[in-house]
1. Could you tell me how many of the residues in the stretch A:131-165 are free of Cβ contacts under 8 Å to residues at least 60 places away in the same chain and either aromatic (Phe, Trp, Tyr) or exposed (fewer than 13 other Cβ atoms within 10 Å of the Cβ) (or both)?
2. Looking at (1) farther than 30 Å from B:Leu237 by Cα; (2) at pLDDT 85 or above, which is the one condition that is false for B:Arg496?
3. Got a sec? Which helices (runs of 4 or more DSSP H) wholly within the stretch A:170-267 have at least 1 residues that are more than 14 Å from every other protein chain (Cβ to nearest Cβ) and closer than 30 Å to A:Arg319 by Cα?
4. Just for strands (runs of 3 or more DSSP E) wholly inside the stretch B:417-500: which have at least 1 residues that are surrounded by fewer than 20 Cβ atoms within 10 Å (Cβ to Cβ) and among the aliphatic types (A, V, I, L, M)?
5. Name every residue in the stretch A:238-262 that is within 26 Å of A:Leu101 (Cα to Cα) and crowded, with 24+ Cβ neighbours inside 10 Å, in order of residue number.
6. Quick check on my filter: what residues within the stretch B:400-416 are open to solvent by less than 10 Å² (accessible area, probe 1.4 Å) and under 22 Å from A:Arg271 (Cα atoms)?
7. Please count how many residues of the stretch B:155-170 are open to solvent by less than 10 Å² (accessible area, probe 1.4 Å), at pLDDT below 75 and over 15 Å from the mean Cα position of the chain (by Cα).
8. How many residues, within the stretch B:321-377, are more than 10 Å from chain A (Cβ to nearest Cβ), in contact with a Lys or Arg (Cβ under 8 Å, 6 or more places away or on another chain), on the phi < 0 side of the Ramachandran plot and surrounded by fewer than 23 Cβ atoms within 10 Å (Cβ to Cβ)?
Amino acid sequence: MMLAKKLVVITRKFKSRDLIFNNVVWFLLVIVLVVMGLFDPIFFSKGILKNILVQGTVLGVLTAGISFTILIGEIDLSIVGTIGFAAGLGTLLMGKGLNWLIAILLIIVIGTVVGVINGLLISRMKAVSLIETLAMMLILEGALLAVTKGRSIVNFPDAFSFVGQKAIFGIPVMIIAFLLVYIIVYVIWNKTVLGRSLYAVGGNAVSAYTSGIRVDRVRIVAFTISGAFAGFAGFLLASYMGAVTMTFGQDYLMYTLAAAVIGGVSLTGGRGSIVGVLGGVLLLTVIQVGLQVLGISSYYVTMVGGLMILLAVIIDAVRIRVQG
Amino acid sequence: MRESILDIVNVSKRFGPTLALKKVNLSIKRGSVHALVGKNGAGKTTLVSTIAGIIKQDTGDVLFEGQDIGQLSIFDRQRLGIRIATQDASVVPHLSVAENVFLGAWPKNNYGFVNWNEVFRVARRKLQEYGLNVDPRVEVKKLSTIEQRKVNIVRALFGGAKVVILDEPTTSLSAEERDSLFGFVTKLSQQGTTFILISHYLEEVIKMSDEISVFRDGEIFNGYLKGQIDEEKLATLIANETVEFHRRTGKAANTGERTSVKCNNICGPHMRDISFSILPGEIVGLVGFPGSGAREICRTLYGLLSFNSGNVEVNGKTLRKLTPTKALREGIGYIPYDRNAEGLVGLLSIKANVGFSVLDEGKWGFVNSTFETQVAEKYLKELHIKANSIEDEANSLSGGNQQKVVLAKVLGGKPKLLILDEPTVGIDIKSREEILSSVDALTQSGVSILYLTNDYGELLRVADRLLFFANGLVVREEISIGLNIEDVIRMRDSVRSGIK
């Protein structure tokens with residue numbers, strides 16, 4: 001009785017419309033889970049949750065990174081180039097005798113350097129991020145092809161594969177990395193000067209500059225973080241798969257954009273929450289895992305992915321119309 | 001009594017929970033200038049949007065020359081002769097002035113081609129008639145904002161308009177340009193064109209309107225005829241309470257002749273050699289036409305424009321290069337003339353906007369949220385910002401309250417020099433007077449103010465000293481006591497003609 005009363009008060013406090021729009025992704029997630037569960041009760045088990053989180057980790061880390069750039073009203077397409085190139089170069093050198101720990105660090109550093117270059121070109125040279133990062137994506141995808149000559153890189157030491165394949169106290173290390181990244185991003189976005197600056201630059205860069213925020217520096221930092229996260233995602237994926245192929249990570253691009261937008265990060269900048277992004281990542285992962293579990297042919301997966309992105313864009317457009 | 005051309009009958013309009021128009025009745029007479037005044041959000045713009053067909057009323061009728069046009073589209077209404085010239089010049093920047101004037105109604109020759117000679121000839125004549133001295137062949141984007149706006153108005157008039165709606169037509173025009181615009185409007189209204197004028201400048205409203213209607217919270221109070229009402233009475237009607245015009249309480253007792261900020265021989269775009277100094281607690285008014293160097297020096301001092309030579313001395317420290325970040329650190333604050341473009345991040349809360357000034361108060365790169373909340377709460381109260389809480393989005397506030405948020409943001413940084421660039425443009429009178437009195441109060445604690453505005457009445461009420469700018473130089477300096485608006489205009493014009 002008390003609880004019911006409380007609930008009524010809470011729902012009255014928020015306008016129900018805003019409540020739905022700000023959390024639309026979580027509503028969708030619940031609906032999708034229930035629908036899938038009706039087809040196959042396995043969706044209500046603990047094991048599947050673990051599975052979803054593990055499979056969502058790479059997408060999650062990539063999306064957290066690109067969300068930094070979307071939040072400031074830019075975009076970083078190069079992440080899917082970075083993920084493959086950084087992982088490819090790192091594991092290749094590891095195969096030639098480089099220490100596994102240094103290889104991991106190298107993978108992340110490569111991503112970071114790519115991010116810094118993107119940031120400098122976009123903030124200082126005023127390059128358009130869509131095109132600049134598209135070019136960078138093609139360069140890095142090509143570079144991976146050139147480095148691997150089309151062959152897959154395999155046979156990683158156990159230490160390298162630990163994060164991707166092992167568990168601590170029954171919890172896969174992937175999940176720990178996933179959640180850690182989201183906690184860090186949550187703190188950055190909500191509690192720090194950098195986070196406030198990201199929202200300010202995305203909301204109105206001129207006002208931000210006039211308010212004393214070093215807009216160029218914020219842009220560089222956003223792209224650097226995006227690059228570093230892409231590098232880290234490259235390591236996670238290599239560690240998880242145990243191989244780097246010549247098209248390593250390239251199919252993540254559209255899903256990462258879709259996850260961010262479904263999660264409520266506005267493509268025009270200045271609006272979004274990391275909790276929403278997490279919801280977006282989980283939603284897309286659940287759908288992908290669901291299609292596998294339900295035995296739907298992989299021939300349909302791309303189409304469903306496309307439909308999800310379409311849905312994301314429509315939700316974004318409706319949200320902007322309704323909330324103004 | 002002249003016949004009415006436009007009748008608004010019992011029009012209501014609701015936006016979500018707010019009733020923007022409450023059973024508004026209004027009759028506008030042919031050939032008259034009818035002013036609509038009121039605070040931001042009182043319903044003026046909603047009503048003219050209903051008249052122009054941009055939005056549709058929920059209930060009630062709009063009659064034009066006796067015909068019900070309530071359901072017609074904006075284009076149909078334009079064809080009938082209702083035109084709106086909005087605040088933001090809606091000109092096509094890449095087309096020539098003449099093409100813009102004729103936009104969509106180009107005269108054609110016998111073969112159906114556009115008759116360009118005719119276009120330029122007629123455009124030139126129209127522009128001259130208006131006193132707008134621009135080449136009809138020049139691209140609009142090359143004109144100043146002010147000239148663009150004039151082109152926009154000429155276009156509305158040329159499109160065969162019988163009723164022209166002018167929404168804040170004189171924002172950021174100089175007094176001289178305002179006068180020329182009024183002259184034109186008055187002339188045309190005598191020839192039979194009807195004007196609906198929305199303006200915050202009560203002085204101009206009283207001078208040029210035949211009839212004035214006051215909006216308050218969606219209700220209309222009409223029937224104030226020319227000569228029956230003065231500025232202070234009108235202000236009281238708009239606010240629904242007595243508005244006292246703020247007057248400077250007096251300069252703070254000066255602690256010696258120590259200067260606060262000094263500009264030494266600053267040269268740069270539109271600045272040839274600018275030198276002046278400001279004392280602590282002094283309010284210095286800047287007077288000058290656009291391009292005279294007055295606005296440029298304001299923006300230079302805040303680091304928004306760069307200068308080639310010269311330097312700025314702030315409390316004895318010499319600075320040769322400035323950015324906003326650096327200026328803020330040296331205690332220089334700036335309120336830009338366009339609060340939406342440069343002052344606020346509209347998507348963020350009041351708290352976050354005010355908090356920009358105290359971002360460096362936290363440790364380890366974290367925002368000091370407690371302190372930020374304190375500062376925001378303090379200014380919400382002190383500046384009478386009307387909002388539900390400091391968590392409200394800045395976008396949701398009215399213009400006057402937005403400007404107060406910008407002021408709060410700057411004050412939060414505890415500036416020693418505050419630069420105000422048209423701080424009261426487009427905001428209601430009550431807010432204006434509150435801002436003026438806050439600024440005045442600041443000087444008691446030794447803050448210096450640079451005050452740039454085209455509203456000389458306002459300037460004379462608060463400034464201690466006036467600097468006149470022309471051609472990138474400070475050409476005259478006057479103590480403002482005993483001057484009136486006409487004196488200021490005369491001085492400004494004489495220094496300009498003296499240079500030429």
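1. 5
2. For B:Arg496, the failing item is (2).
3. On the way: elements: A:173-191, A:193-203, A:205-210, A:215-241, A:253-262.
The helices (runs of 4 or more DSSP H) meeting that bar are A:173-191, A:215-241, A:253-262.
4. Working: elements: B:417-421, B:448-452, B:465-470, B:473-479.
Of the strands (runs of 3 or more DSSP E) lying wholly inside the stretch B:417-500, those with at least 1 residues that are surrounded by fewer than 20 Cβ atoms within 10 Å (Cβ to Cβ) and among the aliphatic types (A, V, I, L, M) span B:473-479.
5. Residues of the stretch A:238-262 that are within 26 Å of A:Leu101 (Cα to Cα), as a first pass: A:238-250, A:252.
Answer for the stretch A:238-262, where residues must be within 26 Å of A:Leu101 (Cα to Cα) and crowded, with 24+ Cβ neighbours inside 10 Å: A:Ala238, A:Ser239, A:Val244, A:Phe248, A:Gly249.
6. Scanning the stretch B:400-416 gives B:Val405, B:Val406.
7. Total satisfying the criteria: 1.
8. Looking only at that region, the number is 3.
The values are calculated or read from the model by the stated rules, or taken from the named source; none is laboratory data. This is a predicted model, so every value here is computed, not measured. Counting neighbours? That spans all protein chains shown, and the Cβs are built from the backbone with ideal geometry, glycine included. Heavy atoms of the whole protein, side chains included, go into the accessibility calculation; ligands, DNA and RNA do not. Shrake-Rupley method; radii C 1.70, N 1.55, O 1.52, S 1.80 Å.
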